[in-house]
Amino acid sequence: MDDDELYSIGDVARRTGLSVSAIRFYSDAGIIAPTGHTDAGYRLYDIQAVARLELVRTLRELDAGLDDIRQVLAGELTPHDLATAHLALVERQERRLRARRAVLRTIVRQHSQAEQVSLMHKLVSMSDDDRDRLVDRFWNEVSDGLDVHPAFVERLRELRPNLPEEPTTEQLEAWIELADLVRDDDFRRSVREHLHETYSTDQGRLMTAPATLGSIEQGAAVIREAQAAQRAGLPADSPQARDIAGRFLAAIAETAGQHDTVEFRRRLAANLLVAKDLHQAELRRAAHETSRFGRYLSLVAAVNGTPREDEVPVPYEWIAAALDHH
């Protein structure tokens, strides 16, 4: 193209991909004025005007408004600034579309009625504070009067969903189901009964005492290491296993105010086997009597993108055997 050549509006339309009417519109709107006119009054454009019209087309494809386009052409707003602002807008729209898709998929699966559809839209559009308040009300009700140390109640309350800023469709669907679940009177009643029957006992209070909880927290990292070792096939009588068991023993002994003695080691190994039996009994109970609470845990894990805490096997027997060889 010749820098000095002027092009008719038809030529400009062919070169830019804009329609003739669009070029006229941008001229009338004061966006890109023609460089000149023919004797008959037809608009003519030079190479700079053609380049600016190509930029206008690109900006319009990004859904930029006329005011934004004027600012870019006037040098008041860079294309980078405009693209950054537009990206933020697109990402917000994308989040809304994902939320809407989750609602629609849930509706399709459940054949939901109008009032349920309205509830789903409300649930998926909740703010972080709204979600926290909903879960707080649930835990306040189900833990009310639970005869255990307050530290254990706080530990229970940590079993809560934390929807990320950019959730997947699966996370949004899990949140919709979870929010609906914690609003259900029967579900709250069943969870409350389950907690009271499980933990408001002598054995339950022992397992939820601060010292026990502290031991669990102190030994958690070592337990995760033991899990990895067991999955890798490391024998319980190997030097590495004995080292892991020794560090687990040290963490428990420090928390319990005990010394590392043969008797304490044997007692700890025996307690691990008891804990295994209690854990398995709890899982069986949850599967048969409180399956809906198990569903709560699964949904929290789905929303948070983490495995369910009670689905991660604790290598009780492996640690106990390593302690015997320590």
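The modelled label-to-label distance between ASP132 and VAL262, using points 7 Å beyond Cα along the C-beta direction, is 5.4 nm. Amide H contacts under 5 Å for ASN162: ASN304, restricted to partners 5 or more places along the chain or on a different chain, H placed in the peptide plane at 1.01 Å from N.
Each residue of the stretch 52-61 is assigned a 3J(HN,Hα), and the resulting list reads 5, 5, 5, 5, 4, 4, 4, 5, 5, 5 Hz, derived from the Karplus form 6.51 cos²θ - 1.76 cosθ + 1.60 (θ = phi - 60°), x at Gly and Pro. Accessible area of ARG242 (1.4 Å probe, protein heavy atoms only, ligands and nucleic acids ignored): about 80 Å².
The values are calculated or read from the model by the stated rules, or taken from the named source; none is laboratory data. Every value quoted in this text rests on a predicted model; they were computed, and no experiment measured them. Using ideal geometry, Cβ is built from the backbone for each residue, glycine included, and neighbour counts are taken over all protein chains shown. For the accessible areas, the whole protein counts, side chains as well, though only heavy atoms, and no ligand, DNA or RNA atoms are used. Shrake-Rupley method; radii C 1.70, N 1.55, O 1.52, S 1.80 Å.
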